Amino acid sequence: MTNTFKNMPWNDYSSYIKRTFGQRVQKISVNAGFTCPNRDGKISKGACIYCTNKSFSPFYCNSGASVREQLEKGIAFFSPKYKTQKYLAYFQSFTNTYGDIDYLKKLYLEALSVEGVEGFVIATRPDCIDEDKLMIIKNISKGKYISIEYGAESTIDKTLVFINRGHSYQQTIDAVELTAKIGINTGLHMILGLPGENEEDFYHHAKEISKLPINTLKVHQMQVLKETKLAQIYNESTELFFDLKLENYILVIVKFLEFLNPNIIVERFTSESPKDMIIYPDWKGKKNFEISHMVMAKMKELDTYQGKRFVK
Ligand code: SF4
């Protein structure tokens with residue numbers, strides 16, 4: 001396989017957005033007041049062991065305000081910076097398809113009615129979707145951009161049980177396949193470095209998700225944040241934790257990309273939680289773009305690219 005990406009060693013999200021919209025597009029996070037079945041007792045009350053909602057929301061995104069108000073506030077914040085840009089509403093906090101179908105429809109339509117909003121991205125769990133919801137989403141899109149991002153996190157069921165995720169990898173496969181079949185853009189979210197997983201597991205994830213009909217992928221490092229169950233586990237013993245020193249993580253990402261299907265668009269490699277919440281790994285506040293530059297430099301040095309070791 002050869003490198004077919006222009007000037008880039010991976011299939012990058014910014015180029016995809018420019019190809020799709022002809023210009024830069026800013027995502028505006030929306031907190032629509034959803035909860036999560038893994039917190040409210042439907043699946044469990046314990047939540048995923050790393051979950052804290054404190055790290056999720058930018059200042060303009062407050063569930064007390066309507067979807068329209070949050071989007072308008074976000075647009076007012078970003079528009080002076082980039083005059084010509086378009087926007088995508090990003091239903092980000094908790095599980096954004098967990099609700100009554102009419103209520104969901106109302107919220108999504110409200111987002112699409114805001115001037116400048118060209119579509120929306122919905123973050124959700126793979127066990128909180130069904131054909132009826134997908135058809136509603138498809139039908140209201142009317143030419144606007146729609147994507148559903150599923151939190152898969154791992155392809156290994158043993159890990160999913162350990163992190164109290166409350167769903168299996170097969171449920172991720174089913175949700176992704178149904179979404180793609182209905183003709184909606186599908187994204188996946190993965191975490192590298194979950195307790196008990198090692199390098200071979202990370203590359204196994206790359207190979208497994210490469211078989212899925214996904215358009216986009218967000219991958220990030222596991223973060224041990226304060227006031228989580230994961231923090232308790234970490235403080236008791238670090239035995240189960242992969243060494244996420246930044247230089248190790250960069251090498252893992254490089255190899256992960258080598259195994260990844262080159263058709264998958266990669267949106268990010270890192271998560272940026274507030275510095276004062278992070279217990280491990282401490283990367284001294286490195287930003288997403290800085291990590292991307294480091295990955296790029298390493299891939300150039302090693303003369304490698306996404307999909308180099310991908311096997312169909
Ligand atoms: S699915 Fe998301 S919101 Fe729900 S418990 Fe897990 S991390 Fe938290």
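The values are calculated or read from the model by the stated rules, or taken from the named source; none is laboratory data. The structure displayed is predicted, hence computed values, not measured ones. Ideal geometry is used to build each Cβ from the backbone, glycine not excepted, and the neighbour counts take in all protein chains shown. For accessibility, only protein heavy atoms count, side chains too; no ligands or nucleic acids. Shrake-Rupley method; radii C 1.70, N 1.55, O 1.52, S 1.80 Å.
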Can you pull out every residue in region 49-85 that is away from the ligand (no atom under 11 Å from the Cβ), of a type in the set (Phe, Trp, Tyr) and at pLDDT below 80? Phe59, Tyr60
Please pick out the residue among Glu267, Glu301, Glu272 that is of a type outside the set (A, V, I, L, M, F, W, C) and more than 16 Å from the chain's Cα centre (by Cα). Glu301
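For every residue, the table says whether it meets (1) open to solvent by 40 Å² or more (accessible area, probe 1.4 Å); (2) part of a helix (DSSP H, G or I); (3) in contact with an Asp or Glu (Cβ under 9 Å, 6 or more places away or on another chain).
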position	(1), (2), (3)
Asp282	yes, no, no
Ser292	no, yes, yes
Ala297	yes, yes, no
Lys300	yes, yes, no
Arg309	yes, no, yes
If we keep just the residues of region 145-174 that are of a type in the set (Ser, Thr, Tyr) and assigned to a strand (DSSP E or B), which is farthest from the ligand (Cβ to nearest atom)? Tyr145
Flag if Ala180 is open to solvent by less than 20 Å² (accessible area, probe 1.4 Å), over 23 Å from Ile279 (Cα atoms) and at pLDDT 95 or above: no
Can you name the residue in region 185-203 that is open to solvent by 10 Å² or more (accessible area, probe 1.4 Å) and more than 22 Å from Arg309 (Cα to Cα) and, of all such residues, is farthest from the chain's Cα centre (by Cα)? Gly196
Which one of the conditions (1) free of Cβ contacts under 8 Å to residues at least 40 places away in the same chain; (2) closer than 24 Å to Arg24 by Cβ does Gly285 fail to meet, given that it meets all the rest? (2)
Of the residues in region 288-308, those that are of a type in the set (D, E, K, R) and without any contact (Cβ under 8 Å) to a residue 12 or more places away in the chain number 3
Spot the failing condition for Ala206; the list is (1) among the small types (Gly, Ala, Ser); (2) surrounded by fewer than 18 Cβ atoms within 10 Å (Cβ to Cβ); (3) part of a helix (DSSP H, G or I), and only one is missed. (2)
Any idea how many residues of region 145-160 are open to solvent by 10 Å² or more (accessible area, probe 1.4 Å) and touching a Ser or Thr at 6+ places or on another chain (Cβ under 6 Å)? 1
Considering region 21-48 alone, what residues qualify as being of a type in the set (D, E, K, R), farther than 17 Å from Ile148 by Cα and away from the ligand (no atom under 15 Å from the Cβ)? Arg24
May I ask you to say which residue of Glu131, Glu177 is more than 14 Å from the ligand (Cβ to nearest atom), over 19 Å from the mean Cα position of the chain (by Cα), among the charged types (D, E, K, R) and over 22 Å from Lys45 (Cβ atoms)? Glu131
So, in region 209-245, of the ones that are open to solvent by 40 Å² or more (accessible area, probe 1.4 Å) and not in a loop (DSSP other than H, G, I, E, B), which residue ends up farthest from Tyr50 (Cα to Cα)? Glu236
Which pairs do you get when a residue that is under 13 Å from Ser66 (Cβ atoms), found in region 93-112, comes within reach of a residue that is part of a loop (DSSP other than H, G, I, E, B) and at pLDDT below 95, reach meaning Cβ atoms under 6 angstrom, with the pair 6+ apart or on two chains? Leu107/Ala32
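Of all residues in region 263-280, which are closer than 16 Å to Phe5 by Cβ and open to solvent by 90 Å² or more (accessible area, probe 1.4 Å)?
Asn263
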Could you please tell me which pairs satisfy a Cβ distance under 7 Å, a separation of 6+ or placement on different chains, a first residue in region 235-250 that is within 14 Å of Asn198 (Cβ to Cβ), and a second residue that is among the charged types (D, E, K, R)? Phe242/Glu197
